[in-house]
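Inspection log for the structure reproduced underneath, given as C-alpha coordinates.
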Amino acid sequence: MSAASIPVLTLARDKNSPLDPPPRYRELRHEAPISRVRLDDEAPPTWLVTRWEDARTVLGSTAASSDTTRPGYPSRTPLAMPRGFFNFHDDPVHAVFRGVLTREFMVKRIDALRAPTSKIFDQLMSGMIEQGPPVDFVGTIALPLPSLVICELLGVPYEDHSFFQEHSKVLIDTAVSGEAKTTAQVALADYLEGLVEQRRREPRDDLISRLGAQVDAGTFSVRDAADAGAFLLFAGHETTANMIGLGVLALLDHPGQLPRLHAGGAELANAVEELLRYLTIAQSGLSRVATEDITVGDVTVKAGEGVIIMLNSANRDEAVFSAADRLDLSRSNARQHLAFGYGIHQCLGQPLARMELQIVLPEIFRRLPGLRVDPDQEVTFKSTAAAYGPSFMPVLW
(Lines give C-alpha, C1' and ligand atoms only; values in the text may rest on other atoms or scores of the structure.)
Protein backbone atom coordinates (compact mmCIF):
# COMPACT_ATOMS: atom_id res chain seq x y z
CA MET A 1 0.00 0.00 0.00
CA SER A 2 1.48 3.36 -1.03
CA ALA A 3 1.65 6.20 1.51
CA ALA A 4 -0.85 8.20 -0.53
CA SER A 5 -3.40 5.37 -0.35
CA ILE A 6 -3.29 4.99 3.45
CA PRO A 7 -6.57 6.45 4.78
CA VAL A 8 -6.84 9.25 7.31
CA LEU A 9 -8.30 8.17 10.66
CA THR A 10 -11.94 9.21 10.82
CA LEU A 11 -13.95 10.08 13.91
CA ALA A 12 -17.07 10.78 11.86
CA ARG A 13 -20.19 9.01 13.11
CA ASP A 14 -23.38 8.18 11.30
CA LYS A 15 -25.54 11.26 11.93
CA ASN A 16 -28.50 8.93 12.53
CA SER A 17 -26.58 6.95 15.18
CA PRO A 18 -24.63 9.55 17.20
CA LEU A 19 -24.13 7.19 20.16
CA ASP A 20 -22.34 4.57 18.06
CA PRO A 21 -18.71 4.54 16.88
CA PRO A 22 -18.06 5.11 13.16
CA PRO A 23 -19.47 2.11 11.26
CA ARG A 24 -16.12 1.66 9.50
CA TYR A 25 -14.65 0.18 12.70
CA ARG A 26 -17.03 -2.76 12.54
CA GLU A 27 -15.76 -3.54 9.05
CA LEU A 28 -12.14 -3.24 10.17
CA ARG A 29 -12.62 -5.66 13.08
CA HIS A 30 -13.58 -8.33 10.55
CA GLU A 31 -11.47 -7.40 7.54
CA ALA A 32 -8.31 -5.70 8.86
CA PRO A 33 -8.32 -5.48 12.67
CA ILE A 34 -4.75 -4.12 12.66
CA SER A 35 -4.47 -1.68 9.79
CA ARG A 36 -2.54 1.39 8.69
CA VAL A 37 -3.93 4.93 8.95
CA ARG A 38 -2.70 8.49 9.09
CA LEU A 39 -3.85 11.23 11.46
CA ASP A 40 -3.96 13.74 8.63
CA ASP A 41 -2.80 14.05 5.03
CA GLU A 42 0.73 15.06 6.06
CA ALA A 43 1.24 12.62 8.94
CA PRO A 44 3.26 9.40 8.68
CA PRO A 45 1.41 6.06 8.81
CA THR A 46 0.55 4.55 12.17
CA TRP A 47 -1.11 1.29 13.19
CA LEU A 48 -4.81 1.22 14.11
CA VAL A 49 -6.08 -1.48 16.50
CA THR A 50 -9.82 -2.16 16.55
CA ARG A 51 -10.32 -5.53 18.34
CA TRP A 52 -10.64 -6.07 22.09
CA GLU A 53 -7.97 -8.76 22.38
CA ASP A 54 -5.45 -6.79 20.35
CA ALA A 55 -6.18 -3.65 22.35
CA ARG A 56 -5.35 -5.47 25.57
CA THR A 57 -2.18 -6.86 24.03
CA VAL A 58 -0.85 -3.41 23.19
CA LEU A 59 -2.05 -1.64 26.34
CA GLY A 60 -0.66 -4.43 28.51
CA SER A 61 2.74 -4.47 26.82
CA THR A 62 5.77 -2.99 28.60
CA ALA A 63 7.09 -2.16 25.11
CA ALA A 64 4.18 0.21 24.38
CA SER A 65 5.24 3.69 25.46
CA SER A 66 2.96 6.57 26.47
CA ASP A 67 5.78 9.11 26.17
CA THR A 68 4.56 11.81 23.79
CA THR A 69 8.14 12.92 23.03
CA ARG A 70 9.30 9.60 21.58
CA PRO A 71 9.78 9.58 17.80
CA GLY A 72 6.87 7.80 16.19
CA TYR A 73 4.31 8.68 18.89
CA PRO A 74 1.05 9.31 16.96
CA SER A 75 -0.41 12.74 17.66
CA ARG A 76 -1.98 15.48 15.55
CA THR A 77 -0.47 18.09 17.86
CA PRO A 78 2.78 16.70 19.33
CA LEU A 79 3.25 18.18 22.79
CA ALA A 80 5.81 17.48 25.49
CA MET A 81 3.73 16.88 28.58
CA PRO A 82 4.96 18.01 32.02
CA ARG A 83 5.80 15.31 34.55
CA GLY A 84 2.57 15.92 36.44
CA PHE A 85 0.57 14.80 33.40
CA PHE A 86 1.86 11.39 34.38
CA ASN A 87 -0.33 9.27 32.11
CA PHE A 88 1.66 10.63 29.18
CA HIS A 89 4.91 9.33 30.67
CA ASP A 90 6.49 5.95 31.25
CA ASP A 91 8.07 4.61 34.42
CA PRO A 92 9.76 5.75 36.57
CA VAL A 93 7.96 9.12 36.29
CA HIS A 94 4.55 7.49 35.86
CA ALA A 95 5.10 5.09 38.75
CA VAL A 96 6.09 7.85 41.20
CA PHE A 97 3.03 10.00 40.53
CA ARG A 98 0.62 7.09 40.33
CA GLY A 99 1.97 5.60 43.55
CA VAL A 100 1.27 8.82 45.42
CA LEU A 101 -2.14 9.51 43.87
CA THR A 102 -3.64 6.02 43.85
CA ARG A 103 -4.53 6.28 47.54
CA GLU A 104 -6.63 9.37 46.75
CA PHE A 105 -8.94 7.29 44.58
CA MET A 106 -9.28 4.24 46.80
CA VAL A 107 -12.84 3.09 47.43
CA LYS A 108 -12.86 4.35 51.02
CA ARG A 109 -11.98 7.91 49.98
CA ILE A 110 -14.48 7.88 47.11
CA ASP A 111 -17.24 6.52 49.37
CA ALA A 112 -16.63 9.52 51.64
CA LEU A 113 -17.54 11.72 48.67
CA ARG A 114 -20.91 10.05 48.07
CA ALA A 115 -22.85 12.23 50.50
CA PRO A 116 -21.32 15.52 49.24
CA THR A 117 -21.91 14.40 45.64
CA SER A 118 -25.56 13.57 46.34
CA LYS A 119 -26.02 16.95 48.01
CA ILE A 120 -24.44 18.80 45.07
CA PHE A 121 -26.60 16.89 42.61
CA ASP A 122 -29.76 17.59 44.62
CA GLN A 123 -29.00 21.30 44.60
CA LEU A 124 -28.37 21.32 40.86
CA MET A 125 -31.55 19.35 40.15
CA SER A 126 -33.65 21.60 42.35
CA GLY A 127 -32.24 24.63 40.55
CA MET A 128 -33.00 23.13 37.15
CA ILE A 129 -36.57 22.23 38.13
CA GLU A 130 -37.13 25.70 39.57
CA GLN A 131 -35.81 27.25 36.35
CA GLY A 132 -38.25 25.21 34.30
CA PRO A 133 -37.96 23.73 30.81
CA PRO A 134 -36.45 23.90 28.33
CA VAL A 135 -32.91 23.84 29.71
CA ASP A 136 -29.51 22.77 28.44
CA PHE A 137 -28.82 19.60 30.41
CA VAL A 138 -25.07 19.83 29.76
CA GLY A 139 -24.66 23.33 31.15
CA THR A 140 -27.14 22.84 33.98
CA ILE A 141 -26.32 19.33 35.29
CA ALA A 142 -23.83 17.25 33.33
CA LEU A 143 -20.90 19.68 33.45
CA PRO A 144 -21.37 21.45 36.82
CA LEU A 145 -21.79 18.20 38.81
CA PRO A 146 -18.38 16.63 38.12
CA SER A 147 -16.78 20.09 38.18
CA LEU A 148 -18.05 20.66 41.69
CA VAL A 149 -17.08 17.18 42.83
CA ILE A 150 -13.51 17.32 41.52
CA CYS A 151 -13.12 20.80 43.01
CA GLU A 152 -14.32 19.35 46.33
CA LEU A 153 -11.79 16.52 46.09
CA LEU A 154 -8.89 18.76 45.15
CA GLY A 155 -9.81 21.69 47.36
CA VAL A 156 -10.15 24.15 44.46
CA PRO A 157 -12.57 27.09 44.96
CA TYR A 158 -15.55 26.40 42.72
CA GLU A 159 -15.89 30.05 41.77
CA ASP A 160 -12.91 29.38 39.48
CA HIS A 161 -14.59 26.46 37.69
CA SER A 162 -15.33 28.38 34.48
CA PHE A 163 -11.59 29.05 34.14
CA PHE A 164 -10.90 25.32 34.36
CA GLN A 165 -13.66 24.35 31.95
CA GLU A 166 -12.40 26.82 29.34
CA HIS A 167 -8.83 25.51 29.45
CA SER A 168 -9.83 21.84 29.81
CA LYS A 169 -11.81 21.98 26.57
CA VAL A 170 -8.72 23.19 24.76
CA LEU A 171 -6.60 20.33 26.11
CA ILE A 172 -8.94 17.59 24.86
CA ASP A 173 -9.88 19.12 21.49
CA THR A 174 -8.05 17.28 18.70
CA ALA A 175 -8.58 20.20 16.32
CA VAL A 176 -6.69 22.69 18.52
CA SER A 177 -3.04 23.55 17.83
CA GLY A 178 -0.17 22.42 20.02
CA GLU A 179 0.59 26.05 20.86
CA ALA A 180 -2.94 26.62 22.17
CA LYS A 181 -2.76 23.41 24.20
CA THR A 182 0.53 24.50 25.77
CA THR A 183 -0.98 27.87 26.69
CA ALA A 184 -3.96 26.19 28.37
CA GLN A 185 -1.77 23.69 30.17
CA VAL A 186 0.52 26.42 31.54
CA ALA A 187 -2.44 28.57 32.63
CA LEU A 188 -3.92 25.71 34.65
CA ALA A 189 -0.59 24.85 36.26
CA ASP A 190 0.22 28.50 37.09
CA TYR A 191 -3.04 28.84 38.98
CA LEU A 192 -2.56 25.58 40.85
CA GLU A 193 1.05 26.37 41.70
CA GLY A 194 -0.18 29.34 43.70
CA LEU A 195 -2.80 27.14 45.37
CA VAL A 196 -0.21 24.47 46.28
CA GLU A 197 1.99 27.11 47.90
CA GLN A 198 -0.97 28.47 49.83
CA ARG A 199 -1.92 25.01 51.13
CA ARG A 200 1.67 24.30 52.16
CA ARG A 201 1.33 27.28 54.50
CA GLU A 202 -2.27 26.56 55.52
CA PRO A 203 -3.03 22.86 54.89
CA ARG A 204 -6.57 21.50 54.76
CA ASP A 205 -8.10 18.06 54.31
CA ASP A 206 -7.90 18.06 50.53
CA LEU A 207 -5.77 16.63 47.74
CA ILE A 208 -3.97 19.89 46.95
CA SER A 209 -2.77 20.04 50.57
CA ARG A 210 -1.55 16.45 50.36
CA LEU A 211 0.28 17.24 47.14
CA GLY A 212 1.87 20.14 48.99
CA ALA A 213 2.97 17.72 51.70
CA GLN A 214 4.69 15.66 49.01
CA VAL A 215 6.61 18.79 48.03
CA ASP A 216 7.72 19.22 51.63
CA ALA A 217 8.76 15.56 51.69
CA GLY A 218 10.92 16.06 48.60
CA THR A 219 8.87 13.74 46.35
CA PHE A 220 7.68 16.49 43.98
CA SER A 221 8.65 19.99 43.03
CA VAL A 222 5.97 22.66 43.45
CA ARG A 223 5.46 22.65 39.69
CA ASP A 224 5.13 18.86 39.61
CA ALA A 225 2.41 19.04 42.28
CA ALA A 226 0.61 21.84 40.42
CA ASP A 227 0.77 19.97 37.11
CA ALA A 228 -0.59 16.80 38.73
CA GLY A 229 -3.47 18.79 40.18
CA ALA A 230 -4.16 20.40 36.80
CA PHE A 231 -4.16 17.01 35.09
CA LEU A 232 -6.62 15.52 37.59
CA LEU A 233 -8.83 18.59 37.38
CA PHE A 234 -9.19 18.66 33.61
CA ALA A 235 -9.32 14.86 33.27
CA GLY A 236 -11.83 14.48 36.08
CA HIS A 237 -14.70 16.71 35.05
CA GLU A 238 -15.04 17.00 31.26
CA THR A 239 -14.91 13.23 30.76
CA THR A 240 -17.52 12.42 33.39
CA ALA A 241 -19.72 15.25 32.13
CA ASN A 242 -19.70 13.60 28.70
CA MET A 243 -20.66 10.23 30.18
CA ILE A 244 -23.53 11.74 32.16
CA GLY A 245 -24.94 13.44 29.06
CA LEU A 246 -24.49 10.42 26.81
CA GLY A 247 -25.83 8.10 29.52
CA VAL A 248 -29.06 10.07 29.75
CA LEU A 249 -29.44 10.08 25.95
CA ALA A 250 -28.87 6.32 25.78
CA LEU A 251 -31.42 5.66 28.51
CA LEU A 252 -33.97 7.93 26.85
CA ASP A 253 -33.53 5.70 23.77
CA HIS A 254 -33.97 2.54 25.92
CA PRO A 255 -36.65 3.36 28.52
CA GLY A 256 -37.43 -0.31 29.08
CA GLN A 257 -34.06 -0.75 30.76
CA LEU A 258 -34.57 1.92 33.42
CA PRO A 259 -35.68 -0.61 36.10
CA ARG A 260 -32.09 -1.92 36.14
CA LEU A 261 -30.95 1.50 37.33
CA HIS A 262 -33.56 1.73 40.04
CA ALA A 263 -32.76 -1.73 41.42
CA GLY A 264 -29.67 -0.34 43.10
CA GLY A 265 -26.77 -2.41 44.41
CA ALA A 266 -25.06 -4.82 42.05
CA GLU A 267 -27.64 -4.32 39.27
CA LEU A 268 -27.04 -0.56 39.25
CA ALA A 269 -23.27 -1.05 39.30
CA ASN A 270 -23.49 -3.45 36.36
CA ALA A 271 -25.79 -1.10 34.46
CA VAL A 272 -23.19 1.66 34.74
CA GLU A 273 -20.49 -0.70 33.44
CA GLU A 274 -22.62 -1.53 30.42
CA LEU A 275 -23.18 2.16 29.70
CA LEU A 276 -19.43 2.73 29.93
CA ARG A 277 -18.86 -0.10 27.45
CA TYR A 278 -21.59 0.90 25.07
CA LEU A 279 -20.78 4.62 24.96
CA THR A 280 -16.96 4.68 25.41
CA ILE A 281 -16.28 8.41 25.20
CA ALA A 282 -12.58 8.07 24.19
CA GLN A 283 -13.38 8.53 20.51
CA SER A 284 -9.84 9.32 19.32
CA GLY A 285 -8.40 6.24 21.02
CA LEU A 286 -5.23 5.83 23.07
CA SER A 287 -1.84 6.43 21.47
CA ARG A 288 1.31 4.41 22.04
CA VAL A 289 4.69 3.99 20.35
CA ALA A 290 6.59 0.69 20.36
CA THR A 291 9.99 0.73 22.09
CA GLU A 292 10.69 -2.77 20.75
CA ASP A 293 8.86 -5.10 18.38
CA ILE A 294 5.38 -6.11 19.58
CA THR A 295 3.43 -9.01 18.08
CA VAL A 296 -0.24 -8.03 17.78
CA GLY A 297 -2.38 -10.73 16.24
CA ASP A 298 -0.59 -11.66 13.00
CA VAL A 299 1.16 -8.27 12.70
CA THR A 300 4.52 -7.17 14.06
CA VAL A 301 4.55 -3.58 15.21
CA LYS A 302 8.19 -2.63 14.91
CA ALA A 303 10.13 -0.52 17.38
CA GLY A 304 9.54 3.16 16.66
CA GLU A 305 6.12 2.63 15.08
CA GLY A 306 3.03 4.28 16.49
CA VAL A 307 -0.21 2.55 17.47
CA ILE A 308 -3.68 3.98 18.07
CA ILE A 309 -6.01 1.75 20.08
CA MET A 310 -9.66 2.47 19.36
CA LEU A 311 -11.39 1.70 22.65
CA ASN A 312 -14.85 2.43 21.29
CA SER A 313 -14.31 -0.22 18.62
CA ALA A 314 -12.79 -2.76 21.04
CA ASN A 315 -15.81 -2.36 23.32
CA ARG A 316 -18.11 -3.27 20.42
CA ASP A 317 -16.13 -6.42 19.55
CA GLU A 318 -18.65 -9.22 18.91
CA ALA A 319 -16.03 -11.83 19.78
CA VAL A 320 -16.23 -10.67 23.40
CA PHE A 321 -19.64 -9.01 23.79
CA SER A 322 -22.58 -10.81 22.19
CA ALA A 323 -24.86 -8.46 20.24
CA ALA A 324 -22.26 -5.82 21.01
CA ASP A 325 -24.14 -2.98 19.33
CA ARG A 326 -27.09 -3.48 21.67
CA LEU A 327 -27.31 -1.74 25.04
CA ASP A 328 -28.09 -4.44 27.61
CA LEU A 329 -27.89 -3.29 31.23
CA SER A 330 -28.05 -6.92 32.39
CA ARG A 331 -25.00 -7.95 30.31
CA SER A 332 -23.04 -10.45 32.41
CA ASN A 333 -19.55 -9.48 31.21
CA ALA A 334 -20.03 -5.72 30.90
CA ARG A 335 -17.13 -5.04 33.25
CA GLN A 336 -14.69 -6.52 30.76
CA HIS A 337 -14.92 -3.22 28.85
CA LEU A 338 -11.86 -1.10 28.16
CA ALA A 339 -13.53 2.30 28.58
CA PHE A 340 -10.92 3.26 31.19
CA GLY A 341 -8.06 1.74 29.23
CA TYR A 342 -6.06 -1.26 30.39
CA GLY A 343 -2.70 -1.97 31.96
CA ILE A 344 -0.63 0.30 34.15
CA HIS A 345 -1.93 3.49 32.53
CA GLN A 346 -5.63 2.77 32.95
CA CYS A 347 -7.67 5.69 34.29
CA LEU A 348 -6.82 6.48 37.89
CA GLY A 349 -10.11 8.26 38.53
CA GLN A 350 -12.43 5.45 37.47
CA PRO A 351 -13.85 4.87 41.01
CA LEU A 352 -14.88 8.54 41.11
CA ALA A 353 -16.55 8.38 37.70
CA ARG A 354 -18.45 5.22 38.64
CA MET A 355 -19.66 6.77 41.89
CA GLU A 356 -20.97 9.90 40.15
CA LEU A 357 -22.77 7.91 37.45
CA GLN A 358 -24.35 5.60 40.03
CA ILE A 359 -25.75 8.62 41.85
CA VAL A 360 -26.85 10.77 38.93
CA LEU A 361 -28.42 8.37 36.42
CA PRO A 362 -31.06 6.67 38.62
CA GLU A 363 -31.94 9.85 40.50
CA ILE A 364 -32.51 12.03 37.48
CA PHE A 365 -35.11 9.63 36.09
CA ARG A 366 -36.69 9.18 39.50
CA ARG A 367 -37.14 12.93 39.95
CA LEU A 368 -38.03 13.64 36.31
CA PRO A 369 -39.76 10.55 34.86
CA GLY A 370 -41.01 12.69 31.97
CA LEU A 371 -37.54 13.83 30.96
CA ARG A 372 -37.10 14.05 27.18
CA VAL A 373 -35.09 15.87 24.56
CA ASP A 374 -36.72 19.04 23.27
CA PRO A 375 -37.93 18.09 19.75
CA ASP A 376 -37.75 21.72 18.62
CA GLN A 377 -34.02 22.01 19.25
CA GLU A 378 -31.02 19.95 18.14
CA VAL A 379 -28.57 18.10 20.38
CA THR A 380 -25.01 18.95 19.30
CA PHE A 381 -21.90 16.86 19.94
CA LYS A 382 -18.16 17.42 20.44
CA SER A 383 -17.11 15.93 17.14
CA THR A 384 -13.43 16.93 17.37
CA ALA A 385 -12.87 16.33 21.09
CA ALA A 386 -10.76 13.40 22.26
CA ALA A 387 -13.60 12.66 24.69
CA TYR A 388 -16.95 12.48 22.89
CA GLY A 389 -20.16 13.82 24.36
CA PRO A 390 -22.98 16.32 23.90
CA SER A 391 -22.05 20.00 23.90
CA PHE A 392 -25.68 21.18 23.96
CA MET A 393 -28.59 19.02 25.08
CA PRO A 394 -31.97 20.78 25.39
CA VAL A 395 -34.45 18.88 27.58
CA LEU A 396 -38.08 19.12 28.68
CA TRP A 397 -40.05 17.26 31.38
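The values are calculated or read from the model by the stated rules, or taken from the named source; none is laboratory data. Just so it is clear, the model here is predicted, and its values are computed rather than measured. Please note: Cβ atoms are built from the backbone with ideal geometry, for glycine as well, and neighbour counts cover all protein chains shown. Each accessible area value is taken on the protein alone, full model and side chains, heavy atoms only, with ligands, DNA and RNA left out. Shrake-Rupley method; radii C 1.70, N 1.55, O 1.52, S 1.80 Å.
At a glance:
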| quantity | calculated |
| --- | --- |
| Alpha carbon Rg of region 1-75, scaled by the compact-globule rule 2.2 N^0.38 Å | 1.21 |
| Average accessible area per residue (Å²) across the chain - probe 1.4 Å, nucleic acids and ligands excluded | 42 Å² |
| R0 of 45 Å, Cβ-Cβ distance Glu152-Glu292: FRET efficiency to nearest 0.05 | 0.55 |
| Qualifying GluC sites (Glu not before Pro) in region 28-126, DSSP loop, other Cβ atoms within 10 Å at most 10 | Glu42 |
| Thr219, Thr50, Thr140, Thr183, ranked by accessible area, largest first (probe 1.4 Å) | Thr183, Thr219, Thr140, Thr50 |
| In nm, spacing of pseudo-spin labels at Ile6 and Thr102 (7 Å Cα→C-beta vector) | 3.6 nm |
| Spatially proximal aspartates and glutamates relative to Lys119 (Cα-Cα < 15 Å; intrachain offsets below 8 disregarded) | Asp111, Glu152, Glu356, Glu363 |
| Contour minus Cα-Cα distance for Ser162 and Glu42 (0.36 nm per residue) | 39.7 nm |
| Rh (Kirkwood; distinct C-alpha pairs) - region 207-300, Å | 17.3 Å |
| If the convex hull is drawn through the Cα atoms of region 112-172, its volume per residue in Å³ | 92 Å³ |
| Share of alpha-carbon pairs per 5 Å distance bin for region 1-137, given as whole % | 2, 8, 10, 12, 13, 13, 12, 13, 10, 6, 2, 0, 0 |
| Separation of the Asp190 and Ala213 label points, Cα + 7 Å toward Cβ, nm | 3.1 nm |
| Under 18 Å from Lys15, Cα to Cα: lysines that are on another chain or at least 8 residues apart | Lys382 |
| For region 86-240, convex hull of alpha carbons as volume per residue, Å³ | 121 Å³ |
